[in-house]
Structure formats: structure tokens, C-alpha cells
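No lab work stands behind these numbers, since they all come straight from the coordinates. No experiment lies behind these values; they were computed from the predicted model shown. Because the Cβ atoms are built from the backbone with ideal geometry, glycine has one as well, and the counts that use them run over all protein chains shown.
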Amino acid sequence: MRSIKILSLATLGALALSSTAFAQESGDTASGKHFAVVGGVALLQPKDNPAPGLDKFDGGPAPTLSASYYFNDNIAVELWGAADKFDHRVRADNVGKVGTVEQQPLALSAQYHFGAADNTFRPFIGAGYYESNFSNEKIDGLSANGDHVGVETAKGAIGTLGLDMNINATWFARADARYMHARPELRMAGAGTGQDLKLDPWTVGFGIGARF
């Protein structure tokens, strides 16, 4: 039920952001258009065993939005982020669930889109920088003394692989995968512990976009 709600929100976001493009006459070519917006949904999955004693941060879905500026038909810069928070259940070795935490990434990337703008399929690659804020940490079960346990903001490099499928000169469908190098520090009672969480999550996303 929650996934259906997220998908509905993502679709509404894409339609809302793309209303300007929809209102314009579509024309007969995608070439020369400088702006694109995409609304979709992504599944984020951190790696297993991120720290000694920790089994995993369960993955989950969230709606995503992106806006791109194309310097030409092949080179673009993209601002991408989660429109809502990814929820994670935290599991410890031999214990099971010890709490929950949320995160919301935001990234700025340069991209190269292969082929002509009007090709039906256009693969692309990207690299850039991201930050992901963790909030609503309820993982105090990791502390023997019951101190509050938090996770600092993750930041670092992000890489993207994607494929656009042109529907017409304005509309396209997108599938992408993103890797974030995430090593946030685990904090206890407001102080650093020196223990980095090797989360390094992947996202797999699908969306609908418009260019204008």
C-alpha cells in the first residue's frame, strides 16, 4: 500500500513539474532543448554488514525528482534528490531489529548522454557530489548505556548509469542506477565514536520526464 502511495506521489510530481512542457507545442525534435525534469520512484539499498555488530540497514522506496540543464544535446548537469525520506530498519547481529532511521539524499552531477537527441534509446553516465541527511534516528538499542545514537550526514561521490527512452520530442521514460560512496560516522550521546558506517548504497529508479 505504501509503495502504491509513493508511486502515485511520484507520478503527480512528474506531471506537476512538466506542466510547462505539456502546455507547449511539442515540435518534431528533441534536439536543442535545454531543460528536463523527471519524477519517479527509487529503491535504495545499503550494503550488508556496514559495521562490526551490525547486520544491515534494510532498503526501501521513495519518490524522487530531478531537474537538468543541457548545455548541448549530449552534456548536461543534473540536480537529483529524494522528494521524501527513505526509511531503514536497522538490524544487529544475533539480535534482529534494533531500531529505525531515515535519510534523504541530494546530488549534483555532470552527465554525458550518448547518441542523437531523437534516438529512441539514449544511455547516459554521470558523476558528481551528494549529501544525505539522516534523521529520526531511533537506534538507541545500539548503546549499552541507552545513550542516543545518531548518524552524521553522509557526503561524497555519486555515480550514475541510466537509459532514456524517447516517447516523443517532449516526453521520455527513464531507468537509472546510482551508487553513493557513503561512510557516515556513528555518533553516541552527541559525540563522534570514530566508527564509520560503510553503507555505500545503490539506488534503482524509474521515472517519466519532459524536456523543453
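Observations on the model:
- The base-10 log of I(q)/I(0) for the chain, evaluated at q = 0.15, 0.18 Å⁻¹, reads -0.90, -1.17 [Debye formula, identical scatterers on Cα atoms, solvent excluded].
- Using only Cα coordinates, the Kirkwood hydrodynamic radius of segment 18-124 works out to 16.6 Å.
- Formal net charge of residues neighbouring residue 114 (Cβ-Cβ distance under 11 Å; K, R +1; D, E -1): -1
- Residue by residue, segment 117-124 carries 3J(HN,Hα) couplings of 4, 9, 4, 4, 10, 10, x, 8 Hz when phi is fed to the Karplus relation 6.51 cos²θ - 1.76 cosθ + 1.60 (θ = phi - 60°); x denotes Gly or Pro.
- Between the beta carbons of residue 69 and residue 191, assuming R0 = 35 Å, the FRET efficiency works out to 0.25 to the nearest 0.05.
- Nitroxide proxy distance, nm - points 7 Å out along Cα→Cβ at residue 94 and residue 183: 2.8 nm
- Crossing angle, helix 2-17 versus the chain [Cα axis fit, 0-90 degrees, rounded to tens]: 40 degrees
- If the Kirkwood radius is taken over C-alpha pairs of segment 98-212, then at 20 °C and 1.002 mPa s the Stokes-Einstein diffusion coefficient equals 132 µm²/s.
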